[in-house]
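The values are calculated or read from the model by the stated rules, or taken from the named source; none is laboratory data. Quick caveat: nothing in here was measured; it's all calculated off a predicted structure. Neighbour counts are summed over all protein chains in view; Cβ atoms, including those assigned to glycine, are modelled from backbone coordinates with ideal geometry. In case anyone asks, the SASA skips ligands and DNA or RNA and just uses the protein heavy atoms, side chains included. Shrake-Rupley method; radii C 1.70, N 1.55, O 1.52, S 1.80 Å.
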Amino acid sequence: MKKIIVAGAGGFIGGHLTKALNAMGHRVRAVDIKPLNKWYQVHSGVENMVLDLRIKEYCYQAVNGCNEVFNLAADMGGMGFIETHKAACMLSVLINTHMLMAAKACGIDRFFYSSSACVYNGEKQTDPFNPGLKESDAYPALAEDGYGWEKLFSERMCRHFTEDFGLLTRVARFHNVFGPFGTYDGGREKAPAAICRKVIEGKMLGKKEIVIWGDGLQTRSFMYIDDCIKGILAIMESAITEPINLGSSEMVSINQLVDYVEEIASYTMERKYDLGAPKGVRGRNSENTLIRQYLGWEPSIPLKVGLKKTYDWINEEMTRSRGKDAKRAVFNEA
Ligand code: NAD
């Protein structure tokens, strides 16, 4: 049994990771900047802390007394957020830098850093039939402006803390992760959750049209959260010393993603394409040779299976909040 800190535990992936580590019997310290009532998941038996991990002293406080660190804290969101908040994304460099310094000072055994497919060179993602990004495709560096550069810098910071100070670090490059207990509205949501929300809203209100960002032909792969958690835990325990892809290789176009969600909802809408909206690179997929070699495993939960679970959760949440709004309206009128 270890004492483990999860930074960013109030967020989507951090909430699921905290649950898994807690269930494994570890003593977990969950830390996030958000007030506790805004965390997606709060688990009993876990020590919860609300701290701004950009501040060095708070990182020391968070890490002190732990054996392992999982750093998932970052100011981030989908394309709509990262294309318009580049400075905010880059300021997350303070979190990982100070967390590494605290980990070194506190004699931490292992440190996990959540990087992203946004580190990859943009010129290698101009084809919608992308055969998959290999780990070496991050160089020569031409990362996603703002968010991607911060991730690439922080990856290297991990590498040099290992080389110069002997701190054991593990870095996974997540490709789009989705599932229940994540953001589905407000501007930080990613494509799967956003499309589920739009279709559910359409069905609830009898809307005929759905707005798609871009021409719908851009491609991506999407990893269900259970695969992500399994991969994080395996990478942390492994002997992998270099940044490694953690993503599904089931690539689909955004149009196909909408087809799947409409099929789950049994509701079809007319598509309007917003060509001026943020849309990111043209084609992105995860190339999984390295993870198969190291772990004999790769993410494999089919997109349709994960989408059904995600759709059902968002549907429940939206139905509940619609009920609350209706009650509030009646109360206000009374
Ligand atoms: P998320 O936004 O749901 O979670 C991140 C959490 O970090 C949030 O709860 C946020 O409040 C917290 N945080 C932000 N600033 C903080 C600070 N100063 N101090 C303490 N906590 C702070 O995002 P997520 O989807 O769970 O992503 C987790 C990690 O994985 C992030 O580092 C993200 O960049 C990376 N990642 C995610 C995806 C994905 O598809 N979700 C893809 C690639 C990489």
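Enumerate the amide H contacts of L246 below 5 Å, restricted to partners 5 or more residues apart or on another chain; note that Pro and chain-start residues carry no placed amide H.
When sequence neighbours closer than 5 places are left aside, the close amide H contacts are R173, F174, H175.
How fast does region 1-149 diffuse by Stokes-Einstein, in µm²/s, taking the Kirkwood radius from C-alpha pairs at 37 °C and 0.692 mPa s?
My calculation gives 201 µm²/s for D.
Over 28 Å between C-alpha atoms is what I'm after, so list which of K190/K304; K56/K124; K203/K304; K230/K308; K34/K56; K86/K124 land there.
As for pairs spanning more than 28 Å Cα to Cα, those are K56/K124.
Working from the alpha-carbon coordinates of region 56-133, get Rg over Rh, Rh being the Kirkwood radius.
For region 56-133, the value is 1.09.
Tell me, what is the per residue accessible area of region 204-265 in Å², probe radius 1.4 Å?
Ligands and nucleic acids excluded, the result is 37 Å² per residue.
Expected output is a single nm value to one decimal: the length gained when fully extending between K207 and A265, i.e. 0.36 nm times separation in residues minus the C-alpha distance. What is it?
Length gained, K207 through A265: 19.5 nm.
Report relative contact order for region 1-66 in percent, whole number only (criteria: Cα-Cα under 8 Å, sequence separation at least 6).
34 percent
If you consider only alpha-carbon coordinates, what radius of gyration and Dmax does region 177-270 have, in Å?
Considering region 177-270 through its Cα atoms, Rg and Dmax are 15.8, 53 Å.
For region 78-203, with equal point scatterers placed on the C-alpha atoms only and solvent neglected, what are the log10 I(q)/I(0) values from the Debye formula at q = 0.20, 0.22 1/Å, to two decimals?
Reported log10 I(q)/I(0), two decimals: -1.19, -1.29.
Under a point-charge model restricted to the Cβ atoms of Lys and Arg (+1) and Asp and Glu (-1), what is the dipole moment magnitude of region 128-181 relative to its Cα centre, in debye to the nearest 20?
Roughly 180 debye, rounded to the nearest 20.
I need two numbers for region 197-334: Rg to one decimal and Dmax as a whole number, Cα atoms only, in Å.
Looking at region 197-334, its Cα Rg and Dmax stand at 19.0, 65 Å.
Roughly how many whole Å is it from the C-alpha centroid of region 289-325 to that of region 240-265?
10 Å
To the nearest 0.05, how large is the calculated FRET efficiency for L51 and Y294 if R₀ is 51 Å and r is the Cβ-Cβ distance?
The calculated FRET efficiency here is 0.95.
P(r) of the chain in 10 Å steps, Cα pairs, percent per bin?
6, 25, 35, 23, 9, 2, 0
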